1. Just the accessible area for Arg74, please: 1.4 Å probe, Å², rounded to the nearest 10?
2. Quick check: with the 1.4 Å probe, what order do Val76, Val70 take by accessible area, largest first?
3. Which of rounded, prolate, oblate describes region 31-71, given a ≥ b ≥ c as roots of the alpha-carbon gyration tensor eigenvalues and a/c under 1.5 marking rounded, otherwise prolate only if a/b is larger than b/c?
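The values are calculated or read from the model by the stated rules, or taken from the named source; none is laboratory data. The shown structure was predicted, so the numbers you read here are calculated from the model rather than taken from an experiment. Heavy atoms of the whole protein, side chains included, go into the accessibility calculation; ligands, DNA and RNA do not. Shrake-Rupley method; radii C 1.70, N 1.55, O 1.52, S 1.80 Å.
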Amino acid sequence: RAGLNVAGLHALWPQIVGAANAEHAYPESFDPTSGVLQVRTSSTAWAEQLRLMLPSLRTAIDAAVGTGVVRDIRIVGPTPPRTRGRLRVRGRGPRDTYG
């Protein structure tokens, strides 16, 4: 039942975090044994924005899927680009932090 509730979380994501936040962040994975929800963001700035919203985010998620289903929320930034290979751009590249 908890897994089904968390699956509904994907459909309710824009209502839980708001339309602007939903454009830049999405629930990437959920581990039902540990209760960890991982949220991936499009930039480190959006990751920090969601980290600041964690108390209200927890309340909204508990209301949507039930209290205690999601025990921890991990918010991560974008995946860093590849650093090797044929399609690598030489030089320092864009000045953005990944994390």
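1. Accessible area of Arg74: about 130 Å².
2. Details: Val76 40, Val70 15 Å².
Result, largest first: Val76, Val70.
3. Numbers: a/c = 2.99, a/b = 1.57, b/c = 1.90.
In terms of gyration-tensor shape, oblate.
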